[in-house]
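Asks: Just dropping this structure here.
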Amino acid sequence: MFFFSFFLQSKEQEIRPNPHQSLPPLNSKAVTTDWPRFNGPYDNASSTESHLLQEWKSGQLELLWEFEKGEGYASPAVSQGILVLFHRKDGMESVEGINSETGKVLWSYKYPVEYRDRYGYSNGPRASPVIDGEFVYAHGVTSWLSCLHLKTGKLIWQRDLKSEFTIPDYFFGKGSNPIMHKKYLILNVGGSDNRCVIAFNKLTGKTEWTCEDSWGASYSSPVITKIQGRMVCLVLTGGESRPPTGGLLVIDASTGEKLNRFNWRSSNYESANAVPPIPCGDNKVFLSECYEKGGVLLQYDRDFKPITIWQNPKANIHWMTPVIENGIMYGIAGRHQQGAETFALNVETGDFFWKEPITWTYELNQRLINLSLFRGSILKTTNGYICLSELGTLLKIDLSKSGWVLRSKQQLFFAPGTWTLPALSKGLLYVMQNERDRRSGTNPRIICLNLRAN
């Protein structure tokens, strides 16, 4: 793209941490949370943390520390003062425990991995680590499932799921995020003999139950919710197959009983389901894919039979997790970078209040260039929305059914593949730069920004 080559000519310096700046204390009244999974403590891309900076002066967000990382799209998990980073470097998949306030490495666990993405994307892990109590779990791009001790990095158990369950590579390797429920670690495995979804004992790794279905493993993340008074696991499946098949499985989270399956997959061979199912209350679930069908809202009756409330092919989200506030869904629709549009949608009717690109200008070498949120991510906070663009702009935006207002922005880097939702814990924001900076040449890294307010 034109602006990438243009950035390479710039000598503008990127933000750097100040080693002499001490971390400001949390406000004594601040509400804080851990960030144990890629969509946060409530699994909905939202945070209840308080006493965060209301406004950012342009370019003034403080960078506390940065850590060079390898390949991969995994987001960090944060708990008990430890940030867990999962990435691939020097032919090894690495799970690393890092002090969340200083960036100091506390421990590292590595194992060799052989995987090459057929489409030229990153060769690192797609699934993000999950922290549960004193343990952390990581699901690699070749289906190694590992359980480590959070404080020490000691290996507790590990299983080679690809070999055990004859799991194919699929389009982009294995990318299913695990989810916890009671004593279970639940995963969309997509193995042979219809071994679709499996629950592992989180302490021993033993297989506890298997939900059989011919639909394979997608890149969507399972969700635990309650439907008709029953705790269920929602799994939007859909692996590589001819013809392409997949859709939503509603599974009893404790027994593995399959309660319903609903077909929701494009007829295009090279398609993949990647958006998590979104519980919408009143036994309703929203699904989206970007290749053909778009969005649909289902409502389940007492027999777990779905009724289609509405369909909207233009609510076609590629992979980001939409967020809901006061009956309004905010998300980003569109398969490709060009043409991606942010939207506000009435959850009850499926109608858009508005749908358009969020754009702004950026001055570089005394020249204005047009930038956009593109296929970015949205994080709901107690004082507005934090958005991260596909190219590395961090934004503070007000969203409502009337439109959007851009309040603050900071260009963190210029790197494509910025598809990972930032993590927010104890007033610190963690942002993943997944590819090389096209402007400065900075390697992929994780950066820690201070959002604490007095």
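The values are calculated or read from the model by the stated rules, or taken from the named source; none is laboratory data. It should be emphasised that the depicted structure is a prediction, and the values quoted were computed from it without experimental measurement. Note that we place each Cβ from the backbone using ideal geometry, even for glycine, and neighbour counts take in every protein chain shown.
Asks: Scan the stretch 246-269 and report the pairs whose first residue is in contact (Cβ under 8 Å) with a residue 60 or more places away in the chain and surrounded by fewer than 21 Cβ atoms within 10 Å (Cβ to Cβ) and whose second residue is part of a strand (DSSP E or B) and of a type outside the set (S, T, N, Q), with Cβ atoms within less than 8 Å and a gap of 6+ or a chain change.
Replies: SER254/HIS181; SER254/TYR184; SER254/MET231
Asks: Okay, moving on. Which number in (1) touching a Leu at 6+ places or on another chain (Cβ under 6 Å); (2) surrounded by fewer than 18 Cβ atoms within 10 Å (Cβ to Cβ); (3) within 30 Å of GLN54 (Cβ to Cβ); (4) hydrophobic (A, V, I, L, M, F, W, C) marks the one condition that PHE352 misses?
Replies: All conditions pass for PHE352, except number (2).
Asks: Right, another one. Picking from LEU185, LEU145, which residue would you name as being touching a helix residue (DSSP H, G or I) at 6+ places or on another chain (Cβ under 8 Å), at pLDDT 95 or above, in a strand (DSSP E or B) and buried (at least 17 other Cβ atoms within 10 Å of the Cβ)? Give the steps one after another, and end with the answer.
Replies: Values: LEU185 fails: touching a helix residue (DSSP H, G or I) at 6+ places or on another chain (Cβ under 8 Å).
Result: LEU145 is the single residue among LEU185, LEU145 that is touching a helix residue (DSSP H, G or I) at 6+ places or on another chain (Cβ under 8 Å), at pLDDT 95 or above, in a strand (DSSP E or B) and buried (at least 17 other Cβ atoms within 10 Å of the Cβ).
Asks: Right, another one. Is the stretch 341-349 home to any residue that is closer than 24 Å to SER75 by Cα, of a type outside the set (Lys, Arg), in contact (Cβ under 8 Å) with a residue 60 or more places away in the chain and in contact with a Lys or Arg (Cβ under 9 Å, 6 or more places away or on another chain)?
Replies: yes
Asks: If you go through the stretch 215-240 one residue at a time, how many are in contact with a Pro (Cβ under 9 Å, 6 or more places away or on another chain), of a type in the set (Ser, Thr, Tyr) and either farther than 24 Å from PRO129 by Cβ or buried (at least 24 other Cβ atoms within 10 Å of the Cβ) (or both)?
Replies: 2
Asks: What are the residues in the stretch 393-406 that are surrounded by fewer than 17 Cβ atoms within 10 Å (Cβ to Cβ) and part of a strand (DSSP E or B), if any?
Replies: Listed by number, the residues that qualify are ASP398, SER400, GLY403, VAL405, LEU406.
Asks: Another question, then. Within the stretch 192-214, how many residues turn out to be more than 24 Å from LEU148 (Cβ to Cβ), surrounded by 19 or more Cβ atoms within 10 Å (Cβ to Cβ) and out of contact with any Asp or Glu (no Cβ under 7 Å at 6 or more places or on another chain)? Let's see the steps before the verdict.
Replies: Of the stretch 192-214, the ones more than 24 Å from LEU148 (Cβ to Cβ) are 192-196, 210-214.
Pick out the ones that are also surrounded by 19 or more Cβ atoms within 10 Å (Cβ to Cβ) and you get 195-196, 211, 213.
From the residues that got through so far, the ones that are out of contact with any Asp or Glu (no Cβ under 7 Å at 6 or more places or on another chain) too are 211, 213.
Counting residues in the stretch 192-214 that are more than 24 Å from LEU148 (Cβ to Cβ), surrounded by 19 or more Cβ atoms within 10 Å (Cβ to Cβ) and out of contact with any Asp or Glu (no Cβ under 7 Å at 6 or more places or on another chain) gives 2.
Asks: Taking PHE200 and the conditions (1) over 24 Å from ASN44 (Cα atoms); (2) free of Cβ contacts under 8 Å to residues at least 60 places away in the same chain; (3) of a type in the set (Phe, Trp, Tyr), which numbered condition does it fall short on, given that it satisfies the others?
Replies: (1)
Asks: Against the definition (under 26 Å from VAL431 (Cα atoms), loosely packed, with under 15 Cβ neighbours inside 10 Å and modelled with pLDDT of 95 or more), how does GLU134 come out, yes or no?
Replies: yes
Every residue, every condition in (1) surrounded by 20 or more Cβ atoms within 10 Å (Cβ to Cβ); (2) under 23 Å from the mean Cα position of the chain (by Cα); (3) among the polar types (S, T, N, Q), yes or no:
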position	(1), (2), (3)
GLY97	yes, yes, no
SER100	yes, yes, yes
VAL113	no, yes, no
ASP117	no, yes, no
SER122	yes, yes, yes
LEU161	yes, yes, no
PRO178	yes, yes, no
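Asks: List pairs: first in the stretch 117-132 and over 16 Å from LEU85 (Cβ atoms), second at pLDDT 95 or above and among the hydroxyl-bearing types (Ser, Thr, Tyr), Cβ under 9 Å, 6+ apart or cross-chain?
Replies: TYR121/TYR73; ASN123/TYR115; ASP132/SER79
Asks: If you don't mind, another one. Name the residue, out of GLU363, GLU341, GLU356, that is more than 22 Å from the chain's Cα centre (by Cα), at pLDDT 95 or above and not basic (Lys, Arg). Give the steps one after another, and end with the answer.
Replies: Details: GLU363 fails: at pLDDT 95 or above; GLU341 fails: more than 22 Å from the chain's Cα centre (by Cα).
Result of the check over GLU363, GLU341, GLU356: GLU356.
Asks: Report the residue count in the stretch 295-311 for those that are surrounded by 15 or more Cβ atoms within 10 Å (Cβ to Cβ) and without any contact (Cβ under 8 Å) to a residue 24 or more places away in the chain.
Replies: The number of residues fulfilling the criteria is 1.
Asks: On the basis of being under 14 Å from PHE343 (Cα atoms), in contact with a strand residue (DSSP E or B) (Cβ under 8 Å, 6 or more places away or on another chain) and not charged (D, E, K, R), does TRP419 make the cut? It would help to see each step written out before you state the result.
Replies: Details: under 14 Å from PHE343 (Cα atoms): no; in contact with a strand residue (DSSP E or B) (Cβ under 8 Å, 6 or more places away or on another chain): yes; not charged (D, E, K, R): yes.
No; evaluated as a whole, the condition is false for this residue.
Asks: Right, something else. Only one residue in SER58, SER108 is loosely packed, with under 14 Cβ neighbours inside 10 Å, out of contact with any Pro (no Cβ under 9 Å at 6 or more places or on another chain) and modelled with pLDDT under 95, so which one is that? Explain how you work it out, then say what you get.
Replies: Working: SER108 fails: modelled with pLDDT under 95.
Sole residue among the options that is loosely packed, with under 14 Cβ neighbours inside 10 Å, out of contact with any Pro (no Cβ under 9 Å at 6 or more places or on another chain) and modelled with pLDDT under 95: SER58.
Table: residues versus (1) in a strand (DSSP E or B); (2) of a type in the set (A, V, I, L, M); (3) surrounded by 15 or more Cβ atoms within 10 Å (Cβ to Cβ).
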| site | (1), (2), (3) |
| --- | --- |
| LEU345 | yes, yes, yes |
| PHE374 | no, no, yes |
| LEU391 | no, yes, yes |
| SER408 | yes, no, yes |
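Asks: Given the criterion closer than 26 Å to ASP34 by Cβ, of a type in the set (Gly, Ala, Ser) and in contact with a Lys or Arg (Cβ under 6 Å, 6 or more places away or on another chain), identify the matching residue among GLY427, GLY392, GLY376. It would help to see each step written out before you state the result.
Replies: Values: GLY392 fails: in contact with a Lys or Arg (Cβ under 6 Å, 6 or more places away or on another chain); GLY376 fails: in contact with a Lys or Arg (Cβ under 6 Å, 6 or more places away or on another chain).
Answer to the check: GLY427.
Asks: Regarding THR418, is this residue surrounded by fewer than 19 Cβ atoms within 10 Å (Cβ to Cβ) and of a type outside the set (D, E, K, R)?
Replies: Numbers: surrounded by fewer than 19 Cβ atoms within 10 Å (Cβ to Cβ): no; of a type outside the set (D, E, K, R): yes.
No; evaluated as a whole, the condition is false for this residue.
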